[in-house]
Amino acid sequence: MAGRDKEVEDVKFLLAFLADPTPVLTAAEIGEQVGMTRQGVHARLESLEEKGLVDSAMKASARVWWLTEKGGRKAATEVQSADSGDSTG
């Protein structure tokens, strides 16, 4: 299953934030959207955090994650690219 985690592109994680109406998400919530376990998502989110695309904090007994400005721009660019590719009439 470890190989499966690499099949989900980083941008899918960023888009999960845009798809949800709340400003912060847990790894489990993102996992539901991208089809991965909480543990797999957590590792990928840590990698995205190192790249400056997401940030996190401990709240109560859970770590919550949110898009940084840089991550939001990257996700928005991806959405715009997908939209312009779908305009075939």
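Looking at segment 26-88, which trypsin sites (Lys or Arg not before Pro) are in a loop (DSSP not H, G, I, E or B) and have at most 14 other Cβ atoms within 10 Å? Please list the in-between numbers first.
On the way: sites: Arg38, Arg44, Lys51, Lys59, Arg63, Lys70, Arg73, Lys74; in loops: Lys51.
Answer in residue order: Lys51.
Taking the solvent-accessible surface of protein heavy atoms with a 1.4 Å probe, what is the per residue accessible area of the chain in Å²?
Numbers: 5600 Å² over 89 residues.
Ligands and nucleic acids excluded, the result is 63 Å² per residue.
So, taking all protein chains as they sit and a 1.4 Å probe, how much accessible area belongs to Thr77, in Å² rounded to tens?
80 Å²
Helix 10-19 sits at what angle to the longest principal axis of the chain, using alpha carbons and giving 0 to 90 degrees rounded to 10?
Orientation of helix 10-19: about 90 degrees from the principal axis.
Probe radius 1.4 Å, ligands and nucleic acids ignored: give me the carbon and sulfur share of the accessible area of segment 48-87 as a rounded percent.
Working: 1260 of 2640 Å².
The nonpolar share, carbon plus sulfur, comes to 48 percent.
Across all directions of projection, what mean area in square nanometres is found for the Cα convex hull of the chain?
6.5 nm²
Given points 7 Å out from each Cα along the Cα-Cβ axis, report the Lys51 to Arg73 separation in nanometres with one decimal.
1.5 nm
Would you please state which residues of segment 5-43 a label at Ala60 would reach in this model, taking the label point 7 Å out along Cα→Cβ and a backbone N cut-off of under 19 Å?
Within reach of a label on Ala60: 21-32, 38.
The values are calculated or read from the model by the stated rules, or taken from the named source; none is laboratory data. All values derive from a computational prediction rather than experimental measurement. When we count neighbours, we look across all protein chains shown, and the Cβ atoms used for this are built from the backbone with ideal geometry, even at glycine. Areas reflect the complete protein model, heavy atoms only, side chains present, ligands, DNA and RNA absent. Shrake-Rupley method; radii C 1.70, N 1.55, O 1.52, S 1.80 Å.
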